[in-house]
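Data first, discussion second: the structure below is written as structure tokens.
The values are calculated or read from the model by the stated rules, or taken from the named source; none is laboratory data. In this text the structure is predicted, and so the values were computed from the model without any measurement. All Cβ positions, even for glycine, are placed from backbone atoms using ideal geometry, and neighbour counts span all protein chains on display.
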Amino acid sequence: MSDAAERYQGQVCTPAHQKRMLNIIRGYLYINELIYARDNHFLCSSLIAPVNGYTIAPADYKREPNVSIYYYRDTPFFSGYKMTYMQRGNYVVVINPLFWSEVMSDDPTLQWVCMIR
């Protein structure tokens with residue numbers, strides 16, 4: 001997903017950029033939103049662009065060079081809901097934490113792998 005978002009060549013946080021982000025997330029059932037960010041400063045999503053953006057508190061998990069995960073955060077992008085935000089580079093995907101319970105299984109032969117490329 002991040003690769004597709006990073007291919008965008010225009011000005012960020014414009015209606016064209018937001019439309020591109022919306023078109024990307026429509027193909028992913030488990031992704032609720034896509035946000036454009038600079039470090040931990042979230043600038044806009046496919047739906048909203050707060051005037052001053054939003055600076056999120058430091059990540060719960062970081063991996064070099066550019067991966068950050070923020071668990072159970074209530075932000076202006078999903079006000080009133082504590083979502084999981086997974087960032088690689090300048091793009092952040094928003095995932096409803098209830099999704100994880102929908103993919104759980106009691107089948108011991110399955111192996112679950114979470115991979116951020």
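Residues that are farther than 14 Å from residue 40 by Cα and of a type in the set (S, T, N, Q) within the stretch 66-83 comprise just one, 79. Once the stretch 86-100 is narrowed to residues that are polar (S, T, N, Q) and more than 8 Å from the chain's Cα centre (by Cα), the residue that is nearest to residue 4 (Cα to Cα) is 90. Please tell me if residue 11 is modelled with pLDDT of 90 or more and not hydroxyl-bearing (Ser, Thr, Tyr). Judged against the criteria, residue 11 is a match. The residue list 16, 57 contains one member that is part of a helix (DSSP H, G or I), surrounded by fewer than 18 Cβ atoms within 10 Å (Cβ to Cβ) and either touching a Leu at 6+ places or on another chain (Cβ under 8 Å) or not aromatic (Phe, Trp, Tyr) (or both), which is 16. The condition of being buried (at least 17 other Cβ atoms within 10 Å of the Cβ) and either more than 14 Å from the chain's Cα centre (by Cα) or not β-branched (Val, Ile, Thr) (or both) holds for only one of 38, 73, 63, that being 73. Only one of the numbered conditions (1) closer than 18 Å to residue 82 by Cα; (2) surrounded by fewer than 17 Cβ atoms within 10 Å (Cβ to Cβ) is not met by residue 33, and that is (2).
Restricting attention to the stretch 19-40, which residues are over 18 Å from residue 95 (Cα atoms) and not acidic (Asp, Glu)?
Taking the stretch 19-40 first, the residues over 18 Å from residue 95 (Cα atoms) are 19-20, 38-39.
Once the filter is applied, which keeps residues that are over 18 Å from residue 95 (Cα atoms) and not acidic (Asp, Glu), the stretch 19-40 yields 19, 20, 38.
Pairing each residue of the stretch 55-81 that is closer than 13 Å to residue 92 by Cα with any residue that is part of a loop (DSSP other than H, G, I, E, B) and of a type in the set (Asp, Glu), provided the two are 6+ apart or on different chains, yields C-beta distances under 7 Å for 69/60; 70/60; 71/60.
Being at negative phi, surrounded by 21 or more Cβ atoms within 10 Å (Cβ to Cβ) and among the hydrophobic types (A, V, I, L, M, F, W, C): is that true of residue 78 here?
On the way: at negative phi: yes; surrounded by 21 or more Cβ atoms within 10 Å (Cβ to Cβ): no; among the hydrophobic types (A, V, I, L, M, F, W, C): yes.
The answer is no for residue 78.
Condition check for residue 81 on (1) in contact with a Pro (Cβ under 7 Å, 6 or more places away or on another chain); (2) assigned to a loop (DSSP other than H, G, I, E, B); (3) among the aromatic types (Phe, Trp, Tyr): one failure, at (1).
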